[in-house]
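Written below as structure tokens is the structure these notes are about.
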Amino acid sequence: MTGCDWCHLSEEDREYLLCDSGCWSVFLADEQDYIGRCVLVLDRHCGSMAELTDDEWQDLLNLVRKLEMCLKTVFGADLCNWSCLMNSFFKDPEPCPHLHIHVRPRYRNPVVINGNTYADDAFGHHYTHDKGGRIPEEDMQAVFIRMKRWLDS
């Protein structure tokens, strides 16, 4: 699709690609308001979960299991919130939705990265949208490297 940002990612946008499963690409999100937050993007243009093929559903199930285990093992996540809220696409006069899913790991205990402590102050409650989650670049790299190593092993 010509108007779809997900279909035309630049090399810079692909910098934090954690894995590609065949049907889905998994990226470390640029906002780490929840340490290890990721975005799963379907590798074809598709506007709805109802349009997923059986293979795409099975691949998604495998990724959910793998990512949750990674986040629990690497950072001590207690649970993960998964969301597919395609609302922002429909703000445009000519919507061009591309299916993607957010995973927000949730933590009862703080996560320490390079000596910096990240606490999930709202643990046990709905995640906060747009809470702002820019972390120092060296922490972002550390999160990426730890997850990538685990996922590649």
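The values are calculated or read from the model by the stated rules, or taken from the named source; none is laboratory data. Bear in mind that the values here come from a model prediction, so they are computed numbers and not experimental data. For neighbour counting, all protein chains shown are included, and Cβ atoms are generated from backbone atoms with ideal geometry for every residue, glycine included.
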Residues of region 7-30 satisfying the condition of being surrounded by 17 or more Cβ atoms within 10 Å (Cβ to Cβ), touching a residue at least 40 places away in the same chain (Cβ under 8 Å) and not hydrophobic (A, V, I, L, M, F, W, C): Tyr16
- prompt: What pairs come up if the first residue lies in region 52-63 and is under 10 Å from Leu42 (Cβ atoms), the second is part of a helix (DSSP H, G or I) and at pLDDT 95 or above, and their beta carbons are under 8 Å apart, counting only those six or more places apart or on different chains?
  reply: Leu52/Leu60
field: Test for Leu18: is it in contact with a Ser or Thr (Cβ under 7 Å, 6 or more places away or on another chain) and modelled with pLDDT of 95 or more
entry: no
message: I'd like the residue in region 95-107 that is touching a strand residue (DSSP E or B) at 6+ places or on another chain (Cβ under 9 Å) and more than 13 Å from Val39 (Cα to Cα) and, out of all such residues, is surrounded by the most Cβ atoms within 10 Å (Cβ to Cβ).
response: Tyr107
message: Tell me yes or no: at least one residue of region 57-73 is more than 23 Å from Ile145 (Cα to Cα), surrounded by 17 or more Cβ atoms within 10 Å (Cβ to Cβ) and within 14 Å of the chain's Cα centre (by Cα).
response: no
- prompt: Just checking, which of Asn81, Asn116 is of a type in the set (S, T, N, Q) and either within 20 Å of Ile145 (Cα to Cα) or surrounded by 19 or more Cβ atoms within 10 Å (Cβ to Cβ) (or both)?
  reply: Asn116
- request: Can you tell me which residue among Asp92, Asp43, Asp139 is free of Cβ contacts under 8 Å to residues at least 12 places away in the same chain and either within 21 Å of Leu9 (Cα to Cα) or surrounded by 14 or more Cβ atoms within 10 Å (Cβ to Cβ) (or both)?
  value: Asp92
field: Segments classed as strands (runs of 3 or more DSSP E), wholly inside region 45-153, with at least 3 members that are under 24 Å from Leu17 (Cβ atoms) and at pLDDT 95 or above
entry: 79-83, 100-106
